[in-house]
Amino acid sequence: MYKFRESQVPRLTEGDKWFDFIWTRAAKLNCYGDAFEEMRERLGIDVVTDPDEREEVHAELDAGAFHAYGLDREQTKFVLDDFHRVQNPRRMTEEYFEMVLEKYDELAENQ
């Protein structure tokens, strides 16, 4: 816990600007399968299983995280340009990183 508390990870809590945006997308990506049925019902979320939809939700989640960290567009682009590209199954392609930057811009416009 010491390392976590001393890190620069945003400490988002209910009521923070990016809290709901991030947790709902993370839950949609991670709460699948029978073991999470009760949790999905309690949280009122639908899991995303289609690979293309998952990629879009993941891009939204990544873009929201860049905003939560307080990175501007130039800093976000730098990180994305420097990030290692991985092919399937992770789908970390040039197109994916472009989608993250598009989602970043959409979120910036709606602030």
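Rule-based calculations on the coordinates, nothing more; no lab input. Please read all numbers here as calculations on a predicted model, not as lab measurements. Ideal geometry is used to build each Cβ from the backbone, glycine not excepted, and the neighbour counts take in all protein chains shown.
Electrostatic bookkeeping for T49 treats Lys and Arg as +1 and Asp and Glu as -1; over the other residues with beta carbon under 15 Å from its beta carbon, the sum is -3. Scan (1) 2, 13, 22, 23, 18, 11, 6, 3, 1, 0; (2) 2, 11, 20, 23, 21, 15, 6, 1, 0; (3) 2, 11, 19, 20, 20, 16, 10, 2, 0 for the value of P(r) over Cα pairs in 5 Å bins from 0, in percent calculated from this model and give just the label. Here the calculated entry is (3). Once C-alpha pairs closer than 8 Å and six or more residues apart are averaged by separation and normalised to the residue number of the chain, the relative contact order reads 25 percent. Look at where the Cα atoms of segment 48-72 and of segment 4-20 average out, and the two centres are 16 Å apart.
Using DSSP to define loop residues, name the chymotrypsin sites (Phe, Trp or Tyr not before Pro) in segment 45-95 whose beta-carbon has at most 13 other beta-carbon atoms within 10 Å.
Sparse-neighbourhood loop chymotrypsin sites (Phe, Trp or Tyr not before Pro): F83.
In this structure, L107 and M1 have a Cβ-Cβ separation that, at R0 = 30 Å, corresponds to a calculated FRET efficiency of about 0.50.
Look at M39, M92, M1 and count the other Cβ atoms within 10 Å of each Cβ; fewest to most, that gives M1, M39, M92. Derived scalar couplings between HN and Hα for segment 19-36 equal 4, 5, 4, 6, 5, 5, 5, 4, 5, 4, 7, 10, 9, 10, x, 4, 4, 10 Hz in order, rounded to whole Hz, by the Karplus curve 6.51 cos²θ - 1.76 cosθ + 1.60 (θ = phi - 60°), x for Gly and Pro. Over the chain, DSSP H runs of length four or greater, each weighted -39,500 (n - 2.57), average out per residue to a 222 nm ellipticity of -18500 deg cm²/dmol. Panel order for I22, I45, by other beta carbons found within 10 Å of each beta carbon, from fewest to most: I45, I22.
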